[in-house]
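Taking it in order: structure first as structure tokens, then the write-up.
The values are calculated or read from the model by the stated rules, or taken from the named source; none is laboratory data. Just so you know, these numbers come straight off a predicted model, no measurement behind them. Neighbour counts run over all protein chains shown; Cβ positions are idealised from the backbone, glycine included. Protein only, heavy atoms only, side chains kept; ligands, DNA and RNA dropped before computing areas. Shrake-Rupley method; radii C 1.70, N 1.55, O 1.52, S 1.80 Å.
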Amino acid sequence: ERQWGHDLIRSWNDNDCIGAPQRIGAKIAGLIGAAQDEVIVADSVSVNIFKLLTALARQNPAGTRILSEAGNFPTDAHVARGVADMLGLALDLVPREQIAERLDRSTAALLLTHVHYKSGERFDMAAINAAARQYDVPVLWDLSHSTGAVPLDLKRDGAQYAVGCGYK
């Protein structure tokens, strides 16, 4: 007679459940222009934005604010507000056309959605990343409305941090 618990635990090993985040991430890598060992599947977009934005903002002790687009995806802006409040930073939400000119040394991190969820407008990822590098500002990209819909090449465009989902 089989024991359910024994079969369940054996399946973890037989099906390499532990390696699934890297294995699936490697398949997604080709869609976004990243190396296979640079992508991992984990948590939700909101949870990943929270974790990464917190870590990135903490890396810049001189930063006093998180910068993002005023029309950003509502959940992204909500998470950014929570991170800013938790870290004692300001959240600076500005019109999309002012993002590059508002970057400076006081920017702890920049959070942007690559393709706007309402208008379909797309940021020039390479230009934004280059502008942010001038001030050592890390950029976190939300690719939820980009992956599979528009061509992406994170490596070419100099992106270091990105999150996304597979349900849109």
Looking at segment 108-120, can you tell me whether even one residue there is open to solvent by 20 Å² or more (accessible area, probe 1.4 Å), in contact (Cβ under 8 Å) with a residue 24 or more places away in the chain and part of a helix (DSSP H, G or I)? no
Looking for something among the basic types (Lys, Arg), in a strand (DSSP E or B) and open to solvent by 20 Å² or more (accessible area, probe 1.4 Å) - is there at least one such residue anywhere in segment 60-81? yes
Pull up segment 43-74, narrow it to residues that are closer than 27 Å to Ala20 by Cα and hydroxyl-bearing (Ser, Thr, Tyr), then point me to the one that is modelled with the lowest pLDDT. Ser44
Checking the conditions here, which among Val115, Val137 is among the β-branched types (Val, Ile, Thr) and under 17 Å from Ala57 (Cβ atoms)? Val137
Residues (touching a helix residue (DSSP H, G or I) at 6+ places or on another chain (Cβ under 6 Å) and part of a strand (DSSP E or B)) located in segment 141-168: Asp142, Tyr161, Val163
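Whether any residue in segment 48-55 is open to solvent by less than 30 Å² (accessible area, probe 1.4 Å), of a type in the set (Val, Ile, Thr) and under 20 Å from Gly164 (Cα atoms) is what I want to check. Before the answer, list the steps.
Within segment 48-55, the subset open to solvent by less than 30 Å² (accessible area, probe 1.4 Å) is 48-49, 53-54.
Those left that are additionally of a type in the set (Val, Ile, Thr): 49, 54.
Imposing the further condition that a residue be under 20 Å from Gly164 (Cα atoms) reduces the set to 49, 54.
Yes, segment 48-55 contains a residue that is open to solvent by less than 30 Å² (accessible area, probe 1.4 Å), of a type in the set (Val, Ile, Thr) and under 20 Å from Gly164 (Cα atoms).
Here's the yes/no breakdown for (1) farther than 30 Å from Lys27 by Cβ; (2) open to solvent by less than 20 Å² (accessible area, probe 1.4 Å); (3) within 15 Å of the chain's Cα centre (by Cα):
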| position | (1), (2), (3) |
| --- | --- |
| Val83 | no, yes, yes |
| Leu87 | yes, no, no |
| Asp92 | yes, no, no |
| Arg96 | yes, no, no |
| Asp124 | no, no, no |
| Asp142 | no, yes, yes |
| Asp153 | no, no, yes |
